Amino acid sequence: MTMLFLVLTGLLMAIGYAVGLYFGDPLTFMFIGLVMAGLVNFASYFWSDTIVIKMARARIIQEGENPTLFGIVRKVSQEAGIPMPRVGIVKQAQPNAFATGRGPKKAVVVATTGILDTLTPMELEAVIGHEIGHVVHRDILISSVAATIAGVVSYIGTLALWSTMGSGGQRGRSNGGALTLLAAAILVPLGATFVRLGISRTFELSADEYGARLTRNPGALISALNKISAHANSRTITGRPAQSSSSPSTASLWIVNPFQRHSLVELFSTHPSTQKRVRRLRQIADEIGVYVP
């Protein structure tokens, strides 16, 4: 995983170098890219949970507001041997859930009101097991840092692209700076995106396995994934996607991508397909000797 961070940091420095080459000072801009990567990593480490909760429009709740959800989170976290995470709710009809925080001692598990209305208690426990898996593996911290660096790279790339288009490539013509910047503005953000998405897909499969083994109920997780995916794929009578307050920037956090129906988003998917996840969970069921119909 360290190598993946080095790759993302290298991509950020690379686009900084390309911008610097365009403006005649590549080393300075490359250093700026390195400093930005450090600042982003620092901010993500200490404030990723706060940032994510605000982005998802989640609200931290007390046990009296939803004893059932609290009871399930407490049970699963005790089985995992970690402190009780904080619990949050997103007022949203689409069933989904996510976890955030930099580790077991500073974790938050969030569920939508839709998932509380859609899943059975056993299915909800299986979903919470998946989310606790992210917490135990510290996936959220790594994903948050990766997503933030990739976002910075994409933002700089977009600015660079508009800069070259707006100036007509007048600066840096003698050393090919404009052409280099144009290529970097397109290829570097694309590379950063693929690295981030690769991290996200790997983490989802790992959390599925952890949750299935922890709860010893892969069948419940299969059922939950099918229900959540069906809802994400559903369309209203008007043909519009099912209502969701989620945004693409938080898609990788949820147990199922809320935008998986959209063909463009599927091309750069943050999650493995539900079919692939179900196949893997059935294999795990066979390994632990649990029957799944």
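With protein chains left intact and a 1.4 Å probe, residues in region 93-139 average 29 Å² of accessible area per residue.
When the pairs LYS54/LYS106; LYS91/LYS227; LYS54/LYS105; LYS75/LYS106; LYS105/LYS227 are compared against a 28 Å limit on Cα-Cα distance, LYS105/LYS227 fall above it.
Computed extension gain for TYR45 through ARG279, at 0.36 nm per residue and net of the alpha carbon distance, reaches 80.8 nm.
Computed over protein heavy atoms with a 1.4 angstrom probe, the accessible surface ordering of GLU209, GLU123, largest first, is GLU209, GLU123. If R0 equals 35 Å, the separation of the Cβ atoms of TYR291 and MET84 corresponds to a calculated FRET efficiency of about 0.65. Residues PHE203, PHE46, ordered by accessible area of protein heavy atoms at a 1.4 angstrom probe radius and largest first, appear as PHE46, PHE203.
Taking all protein chains in place and a 1.4 Å probe, what share, in percent, of the accessible surface of region 59-125 do carbon and sulfur account for? Before the final figure, lay out each step's value.
On the way: 1530 of 2900 Å².
The value for region 59-125 is 53 percent carbon and sulfur by accessible area.
Quote to one decimal, in nm, the extra length available between LEU34 and LEU205 on full extension: 0.36 nm per residue of separation minus the C-alpha distance between them.
Values: separation 171, 0.36 × 171 = 61.56 nm, distance 3.14 nm.
Going from the current span to full extension adds 58.4 nm.
Over region 58-151, the hull volume per residue, using the convex hull of the C-alpha atoms, is 92 Å³. All alpha carbon pair distances within region 80-130 were sorted into 10 Å bins beginning at 0; the resulting P(r) in whole percents reads 26, 53, 21, 0.
The simple spin-label model puts a point 7 Å past each Cα toward its Cβ; for LYS75 and ASP117 those points are separated by 2.3 nm.
Residues GLU287, GLU204, ordered by accessible area of protein heavy atoms at a 1.4 angstrom probe radius and largest first, appear as GLU287, GLU204.
The values are calculated or read from the model by the stated rules, or taken from the named source; none is laboratory data. Just so it is clear, the structure is predicted and the values come from calculations on it, not from any experiment. Cβ sites come from the backbone with ideal geometry, for glycine too, and all protein chains shown count toward neighbours. Surface accessibility is based on the protein's heavy atoms, side chains included, excluding ligands, DNA and RNA. Shrake-Rupley method; radii C 1.70, N 1.55, O 1.52, S 1.80 Å.
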